[in-house]
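Asker: Provided herewith is a single structure, encoded as structure tokens, for subsequent inquiry.
The values are calculated or read from the model by the stated rules, or taken from the named source; none is laboratory data. Everything quoted here is computed from the prediction, not taken from an experiment. Every residue, glycine as well, gets a Cβ built from its backbone with ideal geometry; the counts of neighbours run over all protein chains shown. Note: areas computed on protein heavy atoms with side chains; ligands, DNA, RNA excluded. Shrake-Rupley method; radii C 1.70, N 1.55, O 1.52, S 1.80 Å.
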Amino acid sequence: MLRRSRSRYPRSEKLFAAASRILPGGVDSPVRAFKAVGATPLFVSRGRGAIIEDADGHKYIDFVMSWGPLIHGHAPKGLVKALAAAAARGTSFGAPTELETRLAQRVATLMPSMERVRFVNSGTEALMSAARVARAFTARDKIVKFEGCYHGHADAFLVKAGSGAMTLGVPTSPGVAASAAQDTLVARYNDLDSVERLLAANPREVGAIFVEPIAGNMGVVPPRDGFLEGLRRICTRDGILLVFDEVISGFRAAAGGAQQVFGIKPDLTCLGKIIGGGLPVGAYGGRADIMALVAPSGPVYQAGTLSGNPLAMTAGLWSLENLSPRLYRHLAKLGARLAGGLADAARVHGVPLQVNAFGSVVTPFFTSEPVRDYESAAAADTEAYAAFFRGMLERGVYPPPSQFEGWFLSGAHTERDIEKTLKAARDTFKTSR
Ligand code: KE4
């Protein structure tokens, strides 16, 4: 009699079947569905530090970390305590609280370009609001984005987008009205000439250039020398607003984000992830003269029932108040060890691998050519990545279920976690030959 192969994940499979009967694709965000890695998504029951446990009781070293927010790891004791106390005082008032002012002041201290800050509930909301105020300020409707960069799912940005859109092979989504996409021009990341060509073809029509200063949504692709400086020069020359999407790089590349690392002052910055410490927070902000247009100080409307709610503000404050030089030294050390160790393991086993990294975000690309932009990232062997992912999962390591995402480290990851991860990678490469 054929033995039914006993699944390692019976409860996740059962939970996924139930979820799939009520949630589109069984998830609330596409990249979680494991479609790109040919496996059933694991349902997570708890997280502590760098470890998550699935519904079947398997434990993993987590490199998704909620896609970046958890720079201090899962459920830090101080954060849980602060949230419990905040919840006991009320979860939301729809009225100003001192917490919003304190968090905005903390953001402005870390990122001085953010002279004014508006809180929203996601990175998507931050980007769509920044696009609206940029268009109002410049009275120009066109915006430029870069192939492979992902700025959330607002219509204007779902054009040649990265992250889940790239993972699922739908970089330009159906349902985005032609009228919404027609004002979005797409340039090539790390290629200033591609920007100049778009501006020459649309003279005085572009109001803003949106860029991930360290791209994370085609996998990690750092900016070439001079790329960000070139964008700053072009924007200043042509009266275009430079908008840094620091949803990933903010507070991760450094406490002051990529703008601190590269010493470049954007006109607007969009934030998410770490700023909420794992609760739903996004923010946009920048020059006071631009943000003065935002209602109710100005005519550009933007609003939100739960914007700045006390629980999310408490989590964000705890998260940003616990950033320290020691944390970034730890993240840099572990990130370098992980990146170097993956590259060494692949070399020893003859696996074509390019490992891109920036501090505590790493992406192993299954390709033999350097990855500098969307085209070179898209050439990676996604089937090889999927097989690697499944092998790592079986060995107790939980990487992102997509070739086109970053592996995120946290202050809770230890050197021992990284060595265990590298051993799992060596064993996976060995068995995959
Ligand atoms: P959210 O709306 O998902 O909070 O933020 C959108 C966003 C904006 N800008 C950048 C640079 C981002 O990386 C994101 C969201 N990142 C993806 C993962 N790379 C979120 C994961 C998901 O979509 O489930």
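Asker: So A177 ticks every box in (1) within 16 Å of the ligand (Cβ to nearest atom); (2) farther than 29 Å from A339 by Cβ but one. Which box is left unticked?
Answerer: Tallying (1) within 16 Å of the ligand (Cβ to nearest atom); (2) farther than 29 Å from A339 by Cβ, A177 fails exactly one: (1).
Asker: Condition first: within 16 Å of the ligand (Cβ to nearest atom) and open to solvent by less than 50 Å² (accessible area, probe 1.4 Å). Now tell me which residues in segment 56-105 satisfy that.
Answerer: Residues satisfying the conditions are D62, F63, V64, M65, W67, G68, P69, L70, I71.
Asker: Taking the conditions exactly as written (within 16 Å of the chain's Cα centre (by Cα) and either of a type in the set (D, E) or assigned to a strand (DSSP E or B) (or both)), does F119 satisfy them or not?
Answerer: It is false that F119 is within 16 Å of the chain's Cα centre (by Cα) and either of a type in the set (D, E) or assigned to a strand (DSSP E or B) (or both).
Asker: Report yes if T428 is open to solvent by 10 Å² or more (accessible area, probe 1.4 Å), closer than 30 Å to H74 by Cα and out of contact with any strand residue (DSSP E or B) (no Cβ under 7 Å at 6 or more places or on another chain), otherwise no.
Answerer: Answer is no for this residue.
Asker: Has segment 137-154 got any residue that is modelled with pLDDT under 95, part of a loop (DSSP other than H, G, I, E, B), closer than 27 Å to V362 by Cα and among the hydroxyl-bearing types (S, T, Y)?
Answerer: No, segment 137-154 has no match at all.
Asker: May I ask you to list the residues in segment 401-416 that are under 22 Å from the mean Cα position of the chain (by Cα) and either buried (at least 24 other Cβ atoms within 10 Å of the Cβ) or in a helix (DSSP H, G or I) (or both)?
Answerer: Passing the criteria: P401, S402, Q403, F404, E405, G406, W407, F408, L409, S410, H413.
Asker: Looking only at segment 124-133, filter to residues that are of a type outside the set (D, E) and open to solvent by 20 Å² or more (accessible area, probe 1.4 Å); which one of those is nearest to the ligand (Cβ to nearest atom)?
Answerer: If we take residues in segment 124-133 being of a type outside the set (D, E) and open to solvent by 20 Å² or more (accessible area, probe 1.4 Å), then T124 is nearest to the ligand (Cβ to nearest atom).
Asker: Hey, any hits in segment 2-22 for a residue that's open to solvent by 40 Å² or more (accessible area, probe 1.4 Å), within 16 Å of the ligand (Cβ to nearest atom) and of a type in the set (G, A, S)?
Answerer: no
Asker: Pairs, please: C-beta under 7 Å, at least 6 apart or cross-chain, first residue in contact (Cβ under 8 Å) with a residue 40 or more places away in the chain and in segment 237-250, second more than 9 Å from the ligand (Cβ to nearest atom) and open to solvent by 20 Å² or more (accessible area, probe 1.4 Å)?
Answerer: Note: pairs meeting the criteria are G239/T138; L241/F137; L241/T138.
Asker: So, one more: Quick one: which strands (runs of 3 or more DSSP E) lie wholly within segment 260-376 and hold at least 1 residues that are closer than 26 Å to D62 by Cα and outside the structural domain of A84 (by TED's automatic domain parsing)?
Answerer: Per the criteria, 354-358, 361-365.
Asker: With respect to T236, is the statement that it is hydroxyl-bearing (S, T, Y), within 22 Å of R140 (Cβ to Cβ) and open to solvent by less than 20 Å² (accessible area, probe 1.4 Å) true?
Answerer: For T236, the condition - hydroxyl-bearing (S, T, Y), within 22 Å of R140 (Cβ to Cβ) and open to solvent by less than 20 Å² (accessible area, probe 1.4 Å) - is not met.
Asker: In addition: Taking V117 as meeting all but one of (1) touching a residue at least 24 places away in the same chain (Cβ under 8 Å); (2) open to solvent by 10 Å² or more (accessible area, probe 1.4 Å); (3) within 13 Å of the ligand (Cβ to nearest atom), write down the number of the exception.
Answerer: (3)
Asker: Filter segment 23-55 down to residues that are within 26 Å of D417 (Cα to Cα), within 16 Å of the ligand (Cβ to nearest atom) and part of a loop (DSSP other than H, G, I, E, B), then give me how many there are.
Answerer: The number of residues fulfilling the criteria is 4.
Asker: Does segment 141-157 hold any residues that are open to solvent by less than 50 Å² (accessible area, probe 1.4 Å) and away from the ligand (no atom under 15 Å from the Cβ), and which are they?
Answerer: Matches in segment 141-157: K142, V144.
Asker: If you don't mind, another one. Here is a check on your reading of the model: is A136 away from the ligand (no atom under 16 Å from the Cβ) and either within 13 Å of V294 (Cα to Cα) or not assigned by TED's automatic domain parsing to the domain that holds Y284 (or both)?
Answerer: For A136, the condition - away from the ligand (no atom under 16 Å from the Cβ) and either within 13 Å of V294 (Cα to Cα) or not assigned by TED's automatic domain parsing to the domain that holds Y284 (or both) - is met.
Asker: When segment 299-322 is examined, which residues are found to be open to solvent by 20 Å² or more (accessible area, probe 1.4 Å) and of a type outside the set (S, T, Y)?
Answerer: Across segment 299-322, the qualifying residues are P299, A303, G304, L306, N309, L311, W318, E321, N322.
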